[in-house]
Amino acid sequence: MRLRPYIADRDFDIIKYWITDERTHALWCGERAEYPLSRGSFDFFLREIGANNGDTPFVAVNDFGRPMGFFCISVSVETNEAMLKFVVVDPIRRGKGVGREMLTLAVKYAFEIAGADAVKLCVFSVNAPAIRCYESAGFVELTTDVGAFDFGIEKWDRCHMIKRKQMTEDNRQS
């Protein structure tokens, strides 16, 4: 697996099929992007979060260059922390270690290329498979916002998770 920048002309027509229903969409982006995804609205969304937050979209690709996962990352110069957002893996590859491998590469990018001291992300507490994936990649819970998001009649908690560079360095020394 390798990471490369997201290229709309090559990647959108593959990624759009990964978000198959409104619940998956809400779990993925908290309804910040339009559902169903269209090329125009997704391009606009990515430009907007890039301009506002410095988010850069990436894809994780297999040895043949086919996307297996997608995420955005930004680094705050004030806190020197990276933020992973909009993490999604091809549904046929979920539960097979692809997400963990992609996150490991994203964290490596954040620490070694971007020079961040920590990587954060948010996940809804009802998304147990994603939480397990993040934990398997070394993320730990930082805080939880109770009832932060409404989906239909449900209220979802938002869990903030973190992986600190120091935690990674300590693990190498053990």
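Checking GLY54 against (1) surrounded by 19 or more Cβ atoms within 10 Å (Cβ to Cβ); (2) of a type outside the set (Asp, Glu); (3) under 21 Å from VAL107 (Cβ atoms), which test does it fail?
Among (1) surrounded by 19 or more Cβ atoms within 10 Å (Cβ to Cβ); (2) of a type outside the set (Asp, Glu); (3) under 21 Å from VAL107 (Cβ atoms), GLY54 violates only (1).
Please verify whether TYR17 is surrounded by fewer than 19 Cβ atoms within 10 Å (Cβ to Cβ) and free of Cβ contacts under 8 Å to residues at least 12 places away in the same chain, treating the condition exactly as stated.
Taking the combined requirement at face value, the residue satisfies it.
Report those strands (runs of 3 or more DSSP E) wholly inside the stretch 1-81 carrying at least 2 residues which are at negative phi and of a type in the set (S, T, N, Q).
The strands (runs of 3 or more DSSP E) meeting that bar are 67-76.
Would you mind stating whether LYS96 is touching a Leu at 6+ places or on another chain (Cβ under 6 Å) and without any contact (Cβ under 8 Å) to a residue 40 or more places away in the chain?
No: the conditions fail for LYS96.
Starting from the stretch 50-61, keep only residues that are touching a residue at least 40 places away in the same chain (Cβ under 8 Å), then list their pairs with residues that are in a helix (DSSP H, G or I) and surrounded by 14 or more Cβ atoms within 10 Å (Cβ to Cβ) whose Cβ atoms are within a distance under 7 Å, requiring at least 6 positions of separation or different chains.
Listed pairs, sorted by first residue: THR56/GLY50; PRO57/LEU46; VAL59/ASP11; ALA60/MET102; ALA60/LEU105.
Could you say which residue among PHE44, PHE86, PHE70 is surrounded by fewer than 21 Cβ atoms within 10 Å (Cβ to Cβ), at pLDDT 95 or above and under 15 Å from the mean Cα position of the chain (by Cα)?
PHE86
When you scan the stretch 89-129, how many residues do you find that are acidic (Asp, Glu) and either within 23 Å of ASP11 (Cα to Cα) or modelled with pLDDT under 95 (or both)?
The number of residues fulfilling the criteria is 2.
Within the stretch 133-141, identify whether any single residue is over 17 Å from the mean Cα position of the chain (by Cα) and surrounded by 13 or more Cβ atoms within 10 Å (Cβ to Cβ), and answer yes or no. It would help to see each step written out before you state the result.
Pass one, the stretch 133-141, residues over 17 Å from the mean Cα position of the chain (by Cα): none.
No - not one qualifying residue is present in the stretch 133-141.
The values are calculated or read from the model by the stated rules, or taken from the named source; none is laboratory data. It should be emphasised that the depicted structure is a prediction, and the values quoted were computed from it without experimental measurement. Glycine also receives a Cβ, built like all others from the backbone with ideal geometry; neighbour counts cover every protein chain displayed.
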